Amino acid sequence: MNSNPNKRVLLIIASGLDLILSAIVLLIYFGLFPVDISGLGIPRWIIGLVGGVWFAGSLAVLVYQLTRTE
């Protein structure tokens with residue numbers, strides 16, 4: 001049995017969840033969710049940078065897995 005399709009489905013699910021979590025971090029950074037991030041002791045721009053890189057990486061993996069041909 002070929003485990004490659006199962007691995008692909010798991011990568012799609014994992015990158016989709018990563019995309020959702022990173023989008024939540026970016027929405028918090030932009031102030032659309034009522035969460036106070038200034039109390040964490042981390043500069044605001046670092047949270048935006050981490051959220052943006054995380055979002056771009058997970059989007060790239062998801063798009064690649066969805067458009068890859070067998």
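I want to confirm something. Restricting to the range 28-70 and keeping residues that are of a type in the set (D, E, K, R) and part of a loop (DSSP other than H, G, I, E, B), which single residue is farthest from residue 8 (Cα to Cα)? My answer is 36. Among the criteria (1) surrounded by 11 or more Cβ atoms within 10 Å (Cβ to Cβ); (2) modelled with pLDDT under 95; (3) over 30 Å from residue 5 (Cβ atoms), the one residue 52 does not fulfil is (2). Tell me which residues, restricted to the range 14-49, are small (Gly, Ala, Ser) and open to solvent by 60 Å² or more (accessible area, probe 1.4 Å). The answer is 38, 39, 41.
The values are calculated or read from the model by the stated rules, or taken from the named source; none is laboratory data. Just so it is clear, the model here is predicted, and its values are computed rather than measured. Heads up, the Cβs are rebuilt from the backbone with ideal geometry, glycines too, and the neighbour counts pull from every protein chain shown. Areas reflect the complete protein model, heavy atoms only, side chains present, ligands, DNA and RNA absent. Shrake-Rupley method; radii C 1.70, N 1.55, O 1.52, S 1.80 Å.
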